[in-house]
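First comes the structure, then the notes that go with it.
Laboratory data are not the source of any read-out in this text; all were calculated from the coordinates shown. Keep in mind the model is a prediction, meaning the values are calculated, not measured. Note that each Cβ is placed from the backbone with ideal geometry, even for glycine, and that neighbours are counted across all protein chains shown.
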Amino acid sequence: MADALSLIPANVFRNLADKLYEKRKNAALEIEGIIKQLTLSGEHDKISAVINLLTSEFAGSPQANHRKGGLIGLAAATVGLGTDAAQHLEVRLTCYIYEVFPAVLCYRLFLLTYPFWMILQQIVPPVLKSFADQDSRVRYYACEALYNIAKVVRGDFIVFFNKIFDALCKLSADSDPSVQSAAHLLDRLIKDIVTESDQFSIEEFIPLLRERMNVLNPYVRQFLVGWITVLDSVPDIDMLGFLPDFLDGLFNMLSDSSHEIRQQADSALSEFLQEIKNSPNVDYGRMAEILVQRAGSSDEFTRLTAITWINEFVKLGREQLVPYYAEILGAILPCISDKEEKIRVIARETNEELRGIHADPADGFNIDAILSIARRELTSEWEATRIEALQWISKLLVRHRNEVISYLNYTFDSLMNALSDSSNRVVLLVLEVHACIAEDPQHFCHLIELLVRKFQRDRALLQRRGALIVRRLCVLLDAERVYRQFSLNLEHETDLSFASIMVQALNLILLTSSELADLRALVKQSLVNSSGKDLFISLYSSWCHSPMATISLCLLAQAYSHASSIIQSLCEEDINAKFLVQLDKLIRLLETPIFAYIRLQLLEPGKHTWLLKTLYGLLMLLPQQSAAFKILRTRLKTVPSYTLGVEQLKRTSSENPYSQILQVTEDSRTQYTAIDFQSQLQKFEQMQHRHRLHSRSQLQSPNLSSSTMSQEIQISEESRESSPQPEITQHPSGPSWNVPGQLRT
C-alpha cells in the first residue's frame with residue numbers, strides 16, 4: 001500500500017473521495033494516466049498495488065463517497081490498461097486462428113497475458129459486489145464503472161459473464177429508475193460483446209437462465225426474454241436445442257399482467273415454433289410434456305398458444321410422439337369443449353390428426369394409458385369431450401381389439417356409468433361401444449348381466465332411459481338374442497319386485513318399438529312356427545313375473561285360450577294397484593296399430609271365442625269408473641252380434657282350452673310340436689305364488705309404510721266393487737254371451 005500511496009498524489013486520493021462528481025472524475029483521469037505509464041513500463045506489480053488500494057480503501061469503504069470514488073477509479077485503471085490489453089488480445093486472436101503454435105511462443109504469450117488477467121481479476125469482483133450496495137448512487141456508479149471496463153476488455157469479459165448476468169438480472173428490477181436505466185445500457189453492451197464473441201458458452205448459461213425463468217417480477221421477465229431473443233438470433237448459438245429448459249418459463253409469461261411482456265413472450269415463442277418447423281432434429285418429447293400442462297392453463301391465451309404448438313407437434317413429430325399420445329390426448333379432449341372457439345377448432349383438428357396416426361404397442365403406444373384418459377374424460381362436464389372420449393374407445397376397439405378387451409375390467413364400470421349421461425348422443429355412443437365389445441358371446445352375456453344390475457340399482461335410469469337402451473341394443477346386437485338373454489337373466493332373479501318391473505318394461509318395449517317389429521312378427525308365429533315357439537317359451541319363463549306382461553305375450557302370440565286361463569287363475573292378491581296400472585296400459589295398447597289384427601279378429605267372434613272371452617275377462621278386472629274400462633267396453637260394443645249354438649257353447653265350455661291351438665297346429669300341416677300350455681300355466685302359477693309370498697313378507701316389514709298398504713288395499717277393493725259382470729241371457733236355443741248394449745238375437 002505504501003508503494004501505491006507513493007505513486008498516487010495525495011490530492012488525487014482526496015478528490016477521489018470527494019462528494020462532487022467532477023472532482024472524482026478529474027481524480028480518475030489522473031489515475032488513468034498513471035496506470036498507462038506503469039503499463040508501458042511493464043510494472044505490473046505497481047499496477048496491482050494501486051488497484052488493491054482502490055479496492056480496499058475506496059470500493060470497500062463504509063463511506064458512500066469513497067465507494068463511488070473507488071468504482072470510478074477502478075474503471076479508470078482499466079482504461080489505462082487498455083493499450084496493453086489490446087496487444088494481448090491481438091496475440092491471442094492470432095493463436096486462435098492458427099491453433100498450432102510453437103511451444104516457446106505459447107509460453108511467452110502466457111507470460112505476457114498473465115499479469116493482465118491477474119489485474120482484471122482484481123478489478124471486476126469489487127465492482128460486481130457494489131451492484132448489491134444499499135446506496136442507489138453506488139449501484140449506479142457500479143453500472144457505469146462496469147460499462148467502461150467492458151468497453152475496454154470486450155471479449156475477454158466473457159469469463160465474468162455468469163456473474164455479470166446474475167447482477168444485471170437483479171438490477172433490472174432495481175427500485176431506482178436511474179439504476180435501472182444504467183443497467184439497461186450495460187445490458188445492451190454485454191449483449192453486443194456476447195453476440196460477437198466466440199468464447200461464450202451456452203451450456204454454462206442455460207442453467208443460469210432456467211433458474212430464473214419462473215420469476216414473477218415484470219422487469220426481470222423482460223430482461224430474460226430480451227436475452228433469449230438476442231441469443232437465438234446468433235447463428236452460432238443453438239438456443240433451439242436448449243428450448244425445453246426454458247420453454248415452460250416462456251409459456252408462464254403469456255399470462256403476465258403486462259401486455260408488453262405477453263407480446264415479447266409470444267413473439268419469442270412464435271420464432272421458436274418457426275425454427276422447429278424448419279429443423280429436422282427436435283426433442284418433441286420433453287416439450288410435449290410442458291405443452292400438455294400449459295394446455296390446461298386457466299389463461300385463455302396460454303391455452304391457445306399451447307394447443308397451437310401441440311397441433312404443430314402432432315403434424316411434425318407424428319410417430320416420434322407415440323410414447324406421449326396419452327398425455328397429448330389428455331390435453332386435447334378438454335380443449336374440444338373450450339369456451340373459446342379458436343381453441344375448440346384447433347383441438348378438434350389436432351384430435352383428428354392424432355386419431356389418424358396408426359401406432360402399435362411395439363412402438364411404445366400405450367393402450368392402457370389412452371383408455372385411462374378416455375375413461376377420465378367420460379366424467380367431463382362437457383358433452384363434446386365425452387363424445388370424443390367414446391370415439392377414442394371405439395377406435396381402439398377397432399384397431400387393437402384384443403388389447404382393449406384385456407383392460408375391460410377397468411373400462412366396463414365407466415361405460416356402464418355413462419349410460420346415465422344426460423345426453424342421448426353420449427348414451428347412443430356408449431351403446432355402440434358396448435355392442436362392439438359384446439360381439440364375443442361371453443362379453444354379450446356379461447353386458448346383459450351388468451345392464452340388469454344397473455337397472456336394479458338405478459330404477460330411475462330404467463324409467464328414463466330403459467327403452468332407449470334396450471331398443472338400441474336390439475338394433476346393434478339382434479333383438480331376439482337380446483331379449484332371450486334378458487329373459488334368461490330375469491327368470492331366476494331373486495329380487496322379485498325388480499324382476500316384475502323389468503319384465504313390464506321389456507314387454508312394453510316389445511309391444512311398442514318399431515325396432516322390434518320383426519321380433520313381434522316371430523312371436524305371432526309361436527303357434528305355427530318352431531322358432532316362434534322357442535322364443536315364446538324363452539320369454540314366458542321370465543314374463544311370468546308379471547301377470548299383465550304374460551297376458552300381453554299371449555295376446556301377441558294369439559294364444560287366447562291360454563290368456564283366458566291365466567286371467568282365470570288370478571287370485572285376489574294378484575289384482576293390486578300395480579296390476580291395474582299395467583292393465584290400463586294394455587287396454588290402451590289394444591287400440592294402437594300393433595294390435596289391429598286382434599280388433600279385426602273380433603269381426604269373427606265365433607271363430608275367436610277365446611279372444612272374446614279373454615277381453616271380457618280383462619273388462620271384468622277393471623274398475624267400472626276407470627277410463628280403461630270405458631275404452632274396452634266401447635270396443636266390445638262394436639263386435640258383431642253373434643249367438644253360439646248350444647252344442648258349440650257346450651263344446652267351448654267343456655273342451656280343453658288348448659284344443660283350438662292344437663287344431664291350428666294340425667291345420668298348418670307342419671312338423672311343429674305344440675306348446676305345452678298346461679306346464680306353462682303351472683310355471684306361471686308357481687311364479688305368482690312366489691310373488692304373493694314376497695308381497696306378504698314386505699307387508700310385514702316395518703320399512704313399508706301403512707299409507708302405502710292402505711292405498712293398495714283401497715284400490716283393490718274399489719276394483720272389485722266396480723268390476724262389471726258379464727250379462728248372460730237365456731235364449732230359446734240356449735244361453736249366450738252378449739256384449740252390453742248390443743241388441744240380442
Looking at ARG303, ARG221, which is the one that is more than 30 Å from LEU189 (Cβ to Cβ) and crowded, with 18+ Cβ neighbours inside 10 Å?
ARG303
Which residues, counting only those in the stretch 371-383, are surrounded by fewer than 21 Cβ atoms within 10 Å (Cβ to Cβ) and either among the acidic types (Asp, Glu) or on the phi > 0 side of the Ramachandran plot (or both)?
GLU381, GLU383
Of all the helices (runs of 4 or more DSSP H) wholly in the stretch 1-79, which have at least 1 residues that are over 60 Å from the mean Cα position of the chain (by Cα) and under 17 Å from ALA142 (Cβ atoms)?
10-16, 21-41, 44-53
Tally up the residues in the stretch 171-187 that are surrounded by fewer than 16 Cβ atoms within 10 Å (Cβ to Cβ) and in contact with a helix residue (DSSP H, G or I) (Cβ under 9 Å, 6 or more places away or on another chain), please.
5
Hey, LEU510 hits all of (1) within 45 Å of the chain's Cα centre (by Cα); (2) under 29 Å from VAL639 (Cα atoms); (3) hydrophobic (A, V, I, L, M, F, W, C); (4) surrounded by fewer than 21 Cβ atoms within 10 Å (Cβ to Cβ) but one; which does it fall short on?
(4)
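Determine, yes or no, whether LEU619 is among the hydrophobic types (A, V, I, L, M, F, W, C) and surrounded by fewer than 19 Cβ atoms within 10 Å (Cβ to Cβ).
no
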Quick check on the stretch 188-208: of everything there that is under 14 Å from TYR147 (Cβ atoms) and without any contact (Cβ under 8 Å) to a residue 40 or more places away in the chain, which residue is surrounded by the most Cβ atoms within 10 Å (Cβ to Cβ)?
LYS191
Can you tell which of ARG386, ARG465 is crowded, with 17+ Cβ neighbours inside 10 Å, of a type in the set (Lys, Arg) and within 20 Å of ARG348 (Cβ to Cβ)?
ARG386
Mind listing whichever residues of the stretch 353-407 are of a type in the set (Phe, Trp, Tyr) and under 12 Å from LEU333 (Cα atoms)?
TRP382, TRP392
VAL234: assigned to a loop (DSSP other than H, G, I, E, B) and either under 30 Å from the mean Cα position of the chain (by Cα) or more than 24 Å from ASP166 (Cα to Cα) (or both), yes or no?
no
Could you tell me which residue of the stretch 252-283 is nearest to GLU319 (Cα to Cα), considering only residues that are assigned to a helix (DSSP H, G or I) and without any contact (Cβ under 8 Å) to a residue 24 or more places away in the chain?
ASN278
Limited to the stretch 519-554, what total is found for residues that are assigned to a helix (DSSP H, G or I) and more than 14 Å from ARG484 (Cβ to Cβ)?
11
Scanning the stretch 593-612 residue by residue, the ones that are crowded, with 20+ Cβ neighbours inside 10 Å and touching a residue at least 60 places away in the same chain (Cβ under 8 Å) total 1
If you check ARG425, ARG457, which single one turns out to be under 25 Å from the mean Cα position of the chain (by Cα) and surrounded by fewer than 17 Cβ atoms within 10 Å (Cβ to Cβ)?
ARG425
